[in-house]
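Taking it in order: structure first as structure tokens, then the write-up.
The values are calculated or read from the model by the stated rules, or taken from the named source; none is laboratory data. Please read these numbers as outputs of a predicted model, since none were measured by experiment. Heads up, the Cβs are rebuilt from the backbone with ideal geometry, glycines too, and the neighbour counts pull from every protein chain shown. Note: areas computed on protein heavy atoms with side chains; ligands, DNA, RNA excluded. Shrake-Rupley method; radii C 1.70, N 1.55, O 1.52, S 1.80 Å.
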Amino acid sequence: MAGHRRTFPCGSGRPAGQPSGQRPVRCEYGGSAGWGKGHRPRGRFGLRHRPRLPRRAGRAMMSPTQAATLQSSWAQVQPLRRDAAALFYASLFERNPALQALFSSPMAEQGERLMDMIGAAVALSAEPKRLGPVLQALGARHRGYGVRAEDYQTVGAALLYTLEAGLGAAFTDEVRSAWAAFYAEVADGMQAP
């Protein structure tokens, strides 16, 4: 499939808040070859904008309100899931190009698995007793792939970047806070022995 221009809910062809003088985000799918090289996020949403994830020690579980916020914002991402996955991986590899070596399957296929996994975790966000064992098993698989503890911070920053770019004005402080807290729980659960 030839490259296509990333569309955003506002229809402007750029993330909300990105000045019109900057290049719009461009995603390219390379078919069976995987991810193309046409994506370079810049400006307000580029690498200079690195959301910090909360460091958590003895944290409380997510509130029902945060879980509902996650689920409603995730539903807004679903129509853009293919583009969101491509944007996520482009951001991830911009932040740490060495992570690209961990992926052997075509990136479009990997993106589908990522979106399914996030969707399943979001669906269980209000049920930590069910989510915990799923995250531990997922973490064990990822350790087998070569994922290191420090890679989780990079993944979290790429996830928040993707959500902010895709949701635009709907990515409020409340939504950011819910996703940051949720990802911190996911990262902790995946790193648990």
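Kindly evaluate A178 against the criterion of being touching a helix residue (DSSP H, G or I) at 6+ places or on another chain (Cβ under 6 Å) and either buried (at least 17 other Cβ atoms within 10 Å of the Cβ) or aromatic (F, W, Y) (or both). Before the answer, list the steps.
On the way: touching a helix residue (DSSP H, G or I) at 6+ places or on another chain (Cβ under 6 Å): yes; either buried (at least 17 other Cβ atoms within 10 Å of the Cβ) or aromatic (F, W, Y) (or both): yes.
Yes; evaluated as a whole, the condition is true for this residue.
Could you pull out every one of the helices (runs of 4 or more DSSP H) wholly within segment 70-175 that has 2 or more residues that are in contact (Cβ under 8 Å) with a residue 40 or more places away in the chain, open to solvent by 40 Å² or more (accessible area, probe 1.4 Å) and not aliphatic (A, V, I, L, M)?
Numbers: elements: 81-95, 107-123, 128-145, 151-167.
Of the helices (runs of 4 or more DSSP H) lying wholly inside segment 70-175, those with at least 2 residues that are in contact (Cβ under 8 Å) with a residue 40 or more places away in the chain, open to solvent by 40 Å² or more (accessible area, probe 1.4 Å) and not aliphatic (A, V, I, L, M) span 128-145.
Yes/no per residue for (1) closer than 28 Å to P193 by Cα; (2) aliphatic (A, V, I, L, M); (3) in contact with a Gly (Cβ under 8 Å, 6 or more places away or on another chain):
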site: A67; (1), (2), (3): yes, yes, no
site: A108; (1), (2), (3): no, yes, yes
site: M115; (1), (2), (3): yes, yes, no
site: K129; (1), (2), (3): yes, no, no
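Residues considered: S91, S125. Of these, the only one that is under 20 Å from S73 (Cβ atoms), polar (S, T, N, Q) and at pLDDT 95 or above is S91.
Annotation: Q110 fulfils all but one of (1) within 14 Å of the chain's Cα centre (by Cα); (2) under 17 Å from G166 (Cβ atoms); the unmet one is (2).
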